[in-house]
Amino acid sequence: MPDVAALFVSPARIAELTGLIRASGTETRTTVSPLDGADVATIPVSTETDVLDAFAAARVAQLDWARTSLRRRKKALLRLHDLILAHQDELLDLIQIESGKARSHAFDEVLHTALTGRYYGRRLGRILGPHRRGGVYPVITGVRQYQQPKGVVGLITPWNYPLSMALVDGLAAVAAGNAVVHKPDSQSPLTALAIVRLMHRAGFPKDLWQVVSGAGSVIGSSIIQNADYICFTGSTATGKRIAAQCSERLIGCSLELGGKNPMIVLPGADVEKVVEGTLSAAFSSAGQLCVSVERIYVHDSIYAQYRDALAQRLSNVAYGANGDWEVEMGTLVSPSQLATIEKHVSDALDHGATLVSGGRARPDIAPWFHEPTVLENVPESALCHAEETFGPLVSLYPYHGLGEAIAMANDTVYGLNASVWGPVRRARKVAPRIKAGTVNVNEGFAATFGSLGAPMGGMKESGTGRRQGAEGLLRFTESQSVGVQRVMPVSGPAFLSKQRFASLLTIGLRLLRRFTAKA
């Protein structure tokens with residue numbers, strides 16, 4: 001079995017990557033791997049002046065990039081797709097070293113990122129246009145809709161998906177003609193820097209994607225004050241503060257925030273398949289995933305069967321903090337993440353919840369590893385009943401009527417993701433009744449997460465805006481309508497009186513209404 005030592009990044013490679021950070025001072029910080037608690041890299045810290053310099057360079061690069069043809073942009077996106085796949089071994093190592101997730105879950109990021117480049121590389125022209133729109137008068141009025149880039153996008157990304165969350169948003173931004181100033185999370189900068197280097201090789205201008213490093217409280221505000229648009233993935237509390245700052249400048253933002261994602265198991269569901277699905281739905285990346293399931297509502301006719309089968313399956317899960325592809329769950333990323341799940345579990349038990357499976361930290365596997373944990377009889381007074389844990393903890397709840405299950409699923413301030421398991425026809429009818437931006441039938445999250453043409457984002461306090469699909473690209477643009485008038489002005493020809501022209505328009509509109517009504 002591969003060990004932690006096999007996951008390696010050389011000092012020379014670290015120096016090459018960290019050299020991409022715009023940082024002029026002497027302050028540094030050291031990153032630590034959750035796999036073994038060992039130091040990984042010394043990362044230079046950017047100042048506010050560095051952020052200003054990054055925006056200045058990005059603006060120069062963006063003006064030139066916005067004038068490049070869509071054909072050139074598409075070629076760069078497709079070359080990046082190929083480079084990501086060719087260099088996946090290093091990317092997988094970096095993701096694991098910085099985030100601690102299982103290798104198969106790290107591959108999800110590589111796949112998602114490559115598919116993003118391919119999706120926009122193939123569809124850029126169809127999305128951006130220009131598109132013809134109907135004019136006020138047929139034939140003599142012509143209108144075209146153009147999509148103009150915002151300018152420079154401020155991108156603030158999390159540690160849990162250091163590759164995917166940076167590129168699924170950032171690639172859409174540059175594909176639309178923008179430049180990016182990117183602040184990756186301080187825990188996972190090397191993964192982001194590795195992909196920037198590949199972007200250079202793919203043909204993207206070197207100054208188009210600027211990277212700065214440091215605490216969000218220090219340089220995050222500077223990014224917001226200088227960007228033309230903000231894209232943020234993180235907590236709801238931080239997202240609200242960012243939205244307030246953006247509103248002061250009247251700039252747009254897209255925010256993918258927290259979730260307390262529900263899963264409903266319908267009568268007639270294949271319990272064995274649901275149990276296997278629960279492993280990925282709730283415990284991928286050790287539950288440190290914004291769309292991860294934390295609440296499971298099971299019909300009372302199969303509740304006991306499902307609970308017992310899930311407990312049995314979890315007793316045989318392959319844990320690990322290494323490069324073995326067969327590991328089914330990796331570790332939490334930090335002491336604070338471990339402290340949160342321990343707090344939620346102990347609090348729930350103190351309030352009368354019952355432990356079904358797991359419940360223990362496992363420092364013998366990794367410093368901050370925690371077993372996948374299942375609770376039942378969780379009361380509303382328990383913290384984990386409504387608060388997001390962001391770890392490998394789920395609570396089970398039986399229900400009798402479907403309306404009851406849907407009401408409980410929707411009884412949350414969040415609305416990011418949901419999952420419904422059961423006979424497809426019935427499950428598809430249930431899905432639209434759940435107030436969540438994505439709902440997956442007989443899948444935890446991957447059916448929507450991995451479908452690049454489908455928009456993804458949150459309702460309620462889970463955020464605003466959508467990534468992926470046409471919406472994921474168009475959010476980084478401003479719509480511009482260009483109208484061309486021929487033959488006569490919109491107000492009518494000079495030889496007709498205003499009254500006569502109004503009468504003719506009225507007759508014409510009535511005829512059109514009658515004609516279209518029959519059609």
Restricting segment 353-395 to residues that are of a type in the set (Val, Ile, Thr), open to solvent by less than 20 Å² (accessible area, probe 1.4 Å) and assigned to a loop (DSSP other than H, G, I, E, B), the one nearest to Leu279 (Cα to Cα) turns out to be Thr389
When segment 22-74 is checked residue by residue, the ones that are touching a helix residue (DSSP H, G or I) at 6+ places or on another chain (Cβ under 9 Å), within 26 Å of Leu473 (Cα to Cα), without any contact (Cβ under 8 Å) to a residue 60 or more places away in the chain and open to solvent by 80 Å² or more (accessible area, probe 1.4 Å) are Arg71
Taking segment 460-479 only, how many residues are under 18 Å from Ile242 (Cβ atoms), over 12 Å from the mean Cα position of the chain (by Cα) and surrounded by fewer than 22 Cβ atoms within 10 Å (Cβ to Cβ)? 2
Of the numbered conditions (1) at pLDDT 95 or above; (2) open to solvent by 30 Å² or more (accessible area, probe 1.4 Å); (3) not small (Gly, Ala, Ser), Val218 satisfies every one except a single condition; which is it? (1)
Consider Ala61 carefully, then state whether it is at pLDDT 95 or above, within 21 Å of Ser221 (Cβ to Cβ) and small (Gly, Ala, Ser). no
Meets criteria (under 30 Å from Met456 (Cβ atoms), among the hydroxyl-bearing types (Ser, Thr, Tyr) and modelled with pLDDT of 95 or more) for Tyr297: yes
Considering each residue of segment 27-56, count those that are aliphatic (A, V, I, L, M), under 27 Å from the mean Cα position of the chain (by Cα) and not in a strand (DSSP E or B), and give that number. 5
Filter segment 258-285 for residues that are of a type in the set (A, V, I, L, M) and open to solvent by 10 Å² or more (accessible area, probe 1.4 Å); the one that is nearest to Phe107 (Cα to Cα) is Leu279
Could you please let me know if Arg241 is buried (at least 23 other Cβ atoms within 10 Å of the Cβ) and under 27 Å from Thr464 (Cα atoms)? no
Only residues that are touching a residue at least 60 places away in the same chain (Cβ under 8 Å), part of a loop (DSSP other than H, G, I, E, B) and either open to solvent by 50 Å² or more (accessible area, probe 1.4 Å) or among the polar types (S, T, N, Q) (or both): list them for segment 435-452, please. Asn442, Glu443
So, of the residues in segment 411-433 that are aliphatic (A, V, I, L, M) and part of a loop (DSSP other than H, G, I, E, B), which turns out to be most open to solvent (accessible area, probe 1.4 Å)? Val413
Filter pass, Leu496 being open to solvent by less than 70 Å² (accessible area, probe 1.4 Å) and in a helix (DSSP H, G or I): no
So, in segment 222-234, of the ones that are polar (S, T, N, Q) and over 12 Å from the mean Cα position of the chain (by Cα), which residue ends up surrounded by the fewest Cβ atoms within 10 Å (Cβ to Cβ)? Gln225
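The values are calculated or read from the model by the stated rules, or taken from the named source; none is laboratory data. What you are looking at is a predicted structure, and each value in this text was computed from that prediction instead of being measured. Quick reminder, even Gly has a Cβ in these numbers, built from the backbone with ideal geometry, and neighbours come from all protein chains shown. Just the protein is used for accessible areas: all its heavy atoms, side chains included, with ligands, DNA and RNA removed. Shrake-Rupley method; radii C 1.70, N 1.55, O 1.52, S 1.80 Å.
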